[in-house]
Amino acid sequence: MNSEYKLTFGNIIRHFHMVNKHRYIVFKFCVRAGIPFRGIVHDLSKYSFEEFFESAKYYQGNYSPIRNARNTLGYSYAWLHHKGRNKHHYEYWYDSDTYEKTPVIPYPYVVEMICDQLAAGMIYQGKKWTKEFQLEYWLNKRETALINPKIDLVLTKVFTDVSKHGVDKVLDKENLRKIYDRYTR
């Protein structure tokens with residue numbers, strides 16, 4: 001195990017602050033998008049023992065600590081726990097043992113996913129975040145994402161619109177519903 005990663009009091013406090021800040025931004029976005037309850041319950045599992053302490057140990061502030069855990073251990077128990085309990089992650093919906101391996105994710109979870117990804121980009125990028133960031137990130141990630149093609153189109157459309165018009169113009173209940181319906185029906 002890499003000795004550079006240690007569970008320190010400082011990392012516990014910094015990680016706790018980051019989770020709270022992330023959840024607050026997601027909540028604001030979810031309210032704007034018309035799904036306030038999803039914003040309230042967003043990422044509560046990050047406070048669980050299984051997720052919190054691994055993430056605090058591998059915390060570094062500029063990207064998800066899950067990457068450091070994977071690089072060190074070969075996997076992240078925190079991620080396995082998290083994705084299995086949070087429907088706003090497309091990985092939650094993947095099932096290799098069924099005919100529909102990547103179903104169309106229900107609307108509230110897709111919108112929460114959008115809010116989550118935008119907030120994560122803002123938190124990790126800080127002042128370097130631009131409205132183009134999430135589209136670039138998604139275009140790189142989607143090549144290996146096990147996600148329904150219709151949901152891929154929804155995310156690509158929303159992040160493209162954010163890159164052109166900004167978050168405030170795109171994160172709107174009616175706009176998001178229209179995009180979701182256009183690509184999933």
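The values are calculated or read from the model by the stated rules, or taken from the named source; none is laboratory data. Remember, it's a predicted structure, so these values are computed and weren't measured experimentally. Quick reminder, even Gly has a Cβ in these numbers, built from the backbone with ideal geometry, and neighbours come from all protein chains shown. Keep in mind that these areas ignore ligands, DNA and RNA; they rest on the heavy atoms of the full protein, side chains included. Shrake-Rupley method; radii C 1.70, N 1.55, O 1.52, S 1.80 Å.
Hey, can you tell me all the residues within segment 137-148 that are without any contact (Cβ under 8 Å) to a residue 12 or more places away in the chain and either part of a helix (DSSP H, G or I) or of a type in the set (A, V, I, L, M, F, W, C) (or both)? Full working, then the answer.
Initial filter on segment 137-148 (without any contact (Cβ under 8 Å) to a residue 12 or more places away in the chain): 140-141, 143-144.
Passing the criteria: Asn140, Lys141.
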Might you check whether a residue that is surrounded by 20 or more Cβ atoms within 10 Å (Cβ to Cβ) and over 13 Å from Val26 (Cβ atoms) occurs anywhere in segment 112-130? no
Under 7 Å between Cβ atoms, at least 6 apart or on separate chains: pull out the pairs that start in segment 167-180 with a residue that is touching a residue at least 12 places away in the same chain (Cβ under 8 Å) and end on any residue that is not in a helix (DSSP H, G or I). Val167/Lys131; Leu171/Ala33; Lys173/Ala33; Lys173/Gly34; Leu176/Ala33
Pick from Pro108, Pro103: which is closer than 23 Å to Asn20 by Cβ and either open to solvent by 10 Å² or more (accessible area, probe 1.4 Å) or touching a residue at least 24 places away in the same chain (Cβ under 8 Å) (or both)? Pro108
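Do you know which residues across segment 154-171 are surrounded by 15 or more Cβ atoms within 10 Å (Cβ to Cβ) and of a type outside the set (Val, Ile, Thr)? Give the derivation first.
First, pick out the residues of segment 154-171 that are surrounded by 15 or more Cβ atoms within 10 Å (Cβ to Cβ): 154-163, 167, 170-171.
Leu155, Lys157, Phe159, Asp161, Ser163, Leu171 - these are the residues of segment 154-171 that are surrounded by 15 or more Cβ atoms within 10 Å (Cβ to Cβ) and of a type outside the set (Val, Ile, Thr).
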Filter result for Ile25 (more than 22 Å from Tyr5 (Cα to Cα) and of a type in the set (A, V, I, L, M)): yes
Within the bounds of segment 36-52, is there any residue that is crowded, with 19+ Cβ neighbours inside 10 Å and aliphatic (A, V, I, L, M)? no
